[in-house]
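One structure is given here, and the rest of the page talks about it.
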Amino acid sequence: MSEETRRQRLREIDQMREEGVEPYPYRFEKTHWAGDIKNEFSTLENSQTKEDVEIRTAGRVMALRSHGKSSFFVLRDDTGRIQAYIRLDSVGKDSFEIFKKYVNIGDFVGVTGFPFKTHTGEVSVFAKSFEILSKSIRTMPEKWHGLKDKEIIYRQRYAEMLSSDEALNRFKIRSELFRLIREFLAQRRFIEVDTPMLLHLTGGASARPFETRINVFESQMFLRIAEELFLKRYLVGGFERIFEIGKNFRNEGISYKHHPEFTMMELYWAYADYNDIMDITEAMINHIVENLAGSTRISYQGREIDFSRPWRRVKMADFIQDNLGANILEDSDERLIEVLKKHNSEPDMKERGHLIEKLWDLVEDKLVNPTFVTEHPVIISPLSKVHRSDPRVTERFELIISSMEMANAFSELNDPIEQHRRFLHQAGLREAGDEEAQMMDDDFLRALEYGMPPTGGLGIGWDRILMLVTDSPTIRDIIPFPLVRPISFEEEELQSEEELQE
RNA sequence: GACUCGCUAGCUCAGCAGGUAGAGCACCUGACUUUUAAUCAGGGGGUCGCGGGUUCGAAUCCCGCGCGAGUCACCA
């Protein structure tokens, strides 16, 4: 990495200090944000000044247009960009010299002055004084094309954020999403709780966990793959409407819709069933999409998705029957395998639940608009109640949007004897080599034996909803700091350190 | 994991009949007191992803590796 500019900056910083200009001061009293200034003074006439208003704003210098005895520069903060104007006769010769000599694109600068509109009608700040707040020693990405290299974008997300307003906004939307959820649920008497991520055994979902070790107990531990089993313990304890938003970790593949660390929300609602959960899911996602995208009809990767209610509901067995001609409730295993093979899908295991999952995968991509797929067979739903009028299936639904599973919910199984039986079946699968089968959780069963109210439960992968709302083609675009293969910048960093030691 | 494509200055890219590397932005110097991709003049900056091979000579051709992107397969 040859970095002439960086070396120049380091020299400049020394020089600044010699001249008594601190490159990294402690504080700036900021009274106005870029977006606010633009809004508040948009009604000024061209060339009009408002000298009675004092503005103190700060941000990163994104553009610098120097004209000898004056300069225009653009400051960017997390509300937008605002142009500032500085001139020799307003800040004085010494100060102006410092500006010319030391302010570069990329630096943080604070400005004190008053609002005005330029001849060409841009709301700006007329600087009466300025302060360098933090010197940057690396060059910014190109101002017009920005960063395009995906590798840099993912590995140095800060570089994308600081150079792309679109990126900054994308992650502001992420934050806004979680604010909206909390607001929505608080209005309905749901309270936010938390559960452990570090566990002695995992459960609540079918997935391979990350393994780690704890030194004090000298024992193996797992990162959680779901919040479910602990949130239900809250219900046993007496909580009625709870939710948790947090990370889950699954030691499986990475794809445009899978990321090993992802943000899941689970919600449990005592005295409700899966029909109630369907209603609240529909209402909540509808509410969030409308607020974030401005409409319940959005365009995702060139395809329209319509969130207007009510959403389509199809029974899993019917949908597979209609599309593949297989009956997952009645047909023999052999018949299911036959159908799978006909569609070039080779089952890894002959276990019936696995066959059903594979069949489902074949038809999932037919669903674009929000669709509730309901009544999954008991065999693939170890934590949900048997359907009240059909013992072959459960009171369960998954929400599919744009071929992605967005939510999974059911009338929660609260019969401890039945739950024990289901765990035994899962344990059998595990012994037969299914690494994703659930583990027997005796403490959870003990909790159920104390009694858990009838409950509707829900899990939503909000990252995927966020993909839709921001029209992002991959989940990595909406995870601020996605997982990347560790390597490659060692050399670069080593060199940087050597330079610093000079 | 398989296949396809990519990796050249800090960033965005050009250069590939094999002849020793270029532009724009950014940076430095100078001019310029309402510009907005400011303008004008001049200048510095590269182990062409890494390693090996072919060749008098490789950014360019061949092989291996690394990292990334896309498609497919699998788990939310």
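For segment A:80-138, what class follows from the C-alpha gyration tensor (a ≥ b ≥ c being the square roots of its eigenvalues): rounded when a/c is under 1.5, otherwise prolate if a/b is larger than b/c, else oblate? Walk me through the numbers on the way to the answer.
Numbers: a/c = 2.16, a/b = 1.29, b/c = 1.67.
Taking the square roots of the gyration eigenvalues as a ≥ b ≥ c, segment A:80-138 is oblate.
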Quick one: helix A:333-342 against the long Cα principal axis of chain A, what's the angle to the nearest 10°, folded into 0 to 90?
40
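For the pair residue A:361 and residue A:446, what calculated FRET efficiency results from E = 1/(1 + (r/R0)^6), where r is the Cβ-Cβ distance and R0 = 35 Å, to the nearest 0.05? Each step should come with its number before you reach the end.
Values: r = 36 Å, r/R0 = 1.02.
Computed FRET efficiency for residue A:446 and residue A:361 comes out at 0.50.
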Which whole-number percent gives the relative contact order of segment A:137-262, counting Cα pairs below 8 Å spaced six or more residues apart?
19
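Once you order the gyration tensor axes a ≥ b ≥ c over the Cα atoms, which shape class does segment A:106-162 get: rounded for a/c under 1.5, otherwise prolate or oblate by comparing a/b with b/c? Before the final figure, lay out the partial values.
Values: a/c = 3.83, a/b = 1.85, b/c = 2.07.
Oblate, since a/c reaches 1.5 and b/c is not below a/b.
Taking only C-alpha pairs under 8 Å that are 6+ residues apart, what is the relative contact order of chain A in percent?
RCO, chain A: 12 percent.
What do you get for Rg/Rh of segment A:182-234 when both radii come from the Cα atoms and Rh is the Kirkwood radius?
Details: Rg = 14.2 Å, Rh = 12.8 Å.
Rounded to two decimals, Rg/Rh equals 1.11.
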Between residue A:483 and residue A:65, what is the FRET efficiency for a Förster distance of 60 Å, r being their Cβ-Cβ separation, to the nearest 0.05?
0.90
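So for chain A, what are the equivalent ellipsoid semi-axes in whole Å, largest first, each being the square root of 5 times an eigenvalue of the Cα gyration tensor? Could the numbers behind the result be given before it?
Working: eigenvalues 600, 132, 97 Å².
Over the Cα atoms of chain A, the ellipsoid semi-axes are 55, 26, 22 Å.
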Under a 5 Å amide H to amide H cut-off, with H placed in plane at 1.01 Å, what residues pair with residue A:402 once short-range neighbours are removed?
A:368, A:369
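Peptides A:174-182, A:222-230: what's the order by average Cβ count within 10 Å, highest mean first?
Numbers: A:174-182: 16.3, A:222-230: 23.3.
Per-residue Cβ counts within 10 Å, averaged per peptide and sorted highest first, yield A:222-230, A:174-182.
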Once fully extended, how much extra length lies between residue A:179 and residue A:342, figured as 0.36 nm per residue of separation less the alpha-carbon to alpha-carbon distance?
54.0 nm
Estimated distance in nm for a label pair at residue A:424 and residue A:48, the labels positioned 7 Å out from Cα along Cα-to-Cβ
8.2
HN-Hα J couplings of segment A:219-227 from phi, Karplus 6.51/-1.76/1.60, θ = phi - 60°, integer Hz, Gly and Pro as x?
9, 6, 9, 10, 7, 5, 10, 6, 9
Charge dipole (debye, nearest 20) of chain A; +1 at Cβ of Lys and Arg, -1 at Cβ of Asp and Glu
1360
Using 0.36 nm per residue, how much length does the chain from residue A:26 to residue A:201 gain when fully extended, once their Cα-Cα distance is taken away?
58.3 nm
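Using 0.36 nm per residue of separation minus the Cα-Cα distance, give me the extension gain between residue A:304 and residue A:4 in nm, one decimal. Don't skip to the end; give the middle numbers.
Details: separation 300, 0.36 × 300 = 108.00 nm, distance 4.87 nm.
Using 0.36 nm per residue and subtracting the Cα-Cα distance, I get 103.1 nm.
For segment A:196-306, give the magnitude of the charge dipole about the Cα centre (Cβ charges: +1 Lys/Arg, -1 Asp/Glu; no others), in debye to the nearest 20. Mind showing how you got there, number by number?
On the way: 11 positive and 16 negative charges, 88 e Å.
Its charge dipole is roughly 420 debye.
Note down the net charge around residue A:401, summing +1 for each Lys or Arg and -1 for each Asp or Glu among other residues with Cβ under 14 Å from its Cβ.
Numbers: positive: A:257, A:297, A:303, A:309, A:312, A:313, A:366, A:464; negative: A:282, A:304, A:306, A:364, A:365, A:398, A:405, A:463, A:471.
So the surrounding residues net to -1.
Within 10 Å of each candidate Cβ there may be at most 10 other Cβ atoms; applying that plus a DSSP loop requirement, which trypsin sites (Lys or Arg not before Pro) in segment A:14-47 survive? Walk me through the intermediate numbers first.
Values: sites: A:17, A:27, A:30, A:38; in loops: A:27, A:30.
Answer by residue number: A:27.
Taking loop as defined by DSSP and a crowding limit of 14 other beta carbons within 10 Å, which trypsin sites (Lys or Arg not before Pro) in segment A:69-119 fit? Mind dumping the intermediate values first?
On the way: sites: A:69, A:76, A:81, A:87, A:93, A:100, A:101, A:117; in loops: A:69.
Passing both the DSSP loop test and the Cβ count: A:69.
No lab work stands behind these numbers, since they all come straight from the coordinates. Remember, it's a predicted structure, so these values are computed and weren't measured experimentally. Glycine also receives a Cβ, built like all others from the backbone with ideal geometry; neighbour counts cover every protein chain displayed.
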